[in-house]
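The values are calculated or read from the model by the stated rules, or taken from the named source; none is laboratory data. Please read these numbers as outputs of a predicted model, since none were measured by experiment. Cβ placement follows ideal geometry from the backbone for every residue including glycine, while neighbour counts extend to all protein chains displayed.
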Amino acid sequence: MTKHIESIDVLKGITIILVVIGHAVQGVVSGQQLTINTEYSSIFILKQIIYGFHMPLFFMIAGLFVNSWVKRSFKEAISQKIIRLVVPYFIWSAITSIAMQFASSYTNDGLGIKEFLLSPIIPFSQYWFLYVLFFIHIIFFMLVNIKICNGKLLFLLISIVVYFLNPLINSVWIFDNLFRYMIFFSIGSYVLDFINLKQFQCNKIILPIEAEEKMNLKKSKVLANKTKKILSKTNCNKVILSKEIKKQQDYQNYLYTYNFDIIDGRWLFEVLMLKSLKYIIEKKNMKKEEVSISILVNDINENILENIKEIVKEYKKINIVTNHIEKFKKIEKQILEKEGIMLVISNNRRKSLLKSKIILNIDFPTELINKYQIYEEAIIVNLKGNVKIEKKRFNGININDYEICFKYEDEFDFEKKEKYNKKDIYEAKIVKKQPYKFIMKRIDEDQVKIIELVGNKSTI
């Protein structure tokens with residue numbers, strides 16, 4: 001679960017190419033395959049230029065996403081770095097040492113199996129940077145997680161001090177390279193903090209737009225035009241808004257007018273229908289074999305259909321309420337033939353919802369749902385948008401919003417500021433144009449859980 005920024009991918013590619021070119025040039029230089037005036041040769045100058053910045057750039061890029069990694073548990077964090085740094089280090093060191101052993105007469109360094117056996121203690125040849133980078137990560141993790149002070153800032157200050165002390169070290173173990181490159185790693189850890197637009201995969205961005213507490217129509221339009229200019233530079237039409245800016249309905253209306261898609265977690269809520277149902281039953285100590293459930297739906301898609309199938313499998317008292325009886329009769333027949341499960345489909349406005357303790361409202365608007373007689377203590381979950389229950393005797397819970405938690409959620413820097421809803425962030429991360437089973441597999445892998453259902457009078 002990482003942020004995807006194309007420009008950084010390009011930068012990584014450039015760095016890799018420079019490392020390859022740098023080592024190739026270094027081989028030529030160390031092999032003395034040059035003319036007499038070595039220091040003035042073009043290939044020597046090229047080597048000096050590349051080696052002047054390619055490793056600092058590498059360590060800076062390595063630090064870009066360390067802020068998300070450091071928030072994991074020690075076991076998870078170290079395991080990841082062992083897989084990504086330690087394992088490649090030993091594999092490539094082994095391959096290189098074997099190759100150099102058999103071709104010792106043709107190599108510059110004369111390294112072989114002996115040097116590989118010492119590689120856990122002494123970094124092996126050109127793979128020293130993986131060795132050093134692993135220890136830099138360890139130091140960073142320990143400082144950030146001591147919780148005594150600002151560990152990230154402390155790491156930066158230490159990096160600055162040891163950078164200037166480095167000439168005094170005289171190449172003791174790895175301290176020379178460690179002290180030389182810690183500062184660039186530290187700089188990388190701060191870079192994304194200063195990027196205004198946090199760009200996501202699937203052409204979605206978070207808008208760091210601030211608004212006044214109360215805005216009139218004119219100010220809303222001005223802010224919307226500002227937003228339009230920002231988005232036009234990114235070729236993006238899908239945006240995530242902060243909690244505060246969501247309160248400005250006129251502003252949002254303008255975004256819709258400009259054909260911008262505001263990610264608000266509604267699509268995800270629909271996908272999490274079954275999880276929401278299980279959450280309610282668990283929190284309210286209901287017996288699932290006894291609870292009566294109604295699903296209000298007129299339009300069907302794969303996610304809704306698959307959720308309904310799963311709900312029908314687990315719960316006995318299920319009622320589908322719809323204005324499209326014939327369409328759902330066909331679905332009822334398909335489910336009966338494939339699953340052996342019979343649906344109850346109805347549209348009786350006086351009786352359909354009268355005994356339903358839980359109502360999953362997929363797409364009934366306010367004016368439609370209020371035409372039905374509703375069990376006065378019912379829990380209503382509105383998946384597609386805000387719905388107001390206008391029944392005077394209704395004393396139940398009318399849920400219009402929710403919140404989730406998921407694995408590695410702290411990798412998003414902006415969530416620390418508590419400005420954004422996690423459900424919006426996660427919805428932006430999910431690729432919607434996938435089959436239901438792949439979406440749910442991803443949700444299960446990310447350990448997505450409902451942690452709150454927000455109602456009109458109380459929360460669950």
The range 284-298 - residue that is part of a strand (DSSP E or B) and not hydrophobic (A, V, I, L, M, F, W, C) and, of those, surrounded by the fewest Cβ atoms within 10 Å (Cβ to Cβ): Ser292
Filter pass, Gly385 being more than 17 Å from Lys275 (Cβ to Cβ), in the same structural domain as Leu272 (by TED's automatic domain parsing) and free of Cβ contacts under 8 Å to residues at least 12 places away in the same chain: no
Out of Leu353, Leu336, Leu360, sole residue that is aliphatic (A, V, I, L, M) and surrounded by fewer than 19 Cβ atoms within 10 Å (Cβ to Cβ): Leu336
Phe90 vs. criteria of a type in the set (Phe, Trp, Tyr), more than 25 Å from the chain's Cα centre (by Cα) and modelled with pLDDT of 85 or more: yes
Which listed residue is buried (at least 18 other Cβ atoms within 10 Å of the Cβ) and at pLDDT below 85, from Phe140, Phe124: Phe124
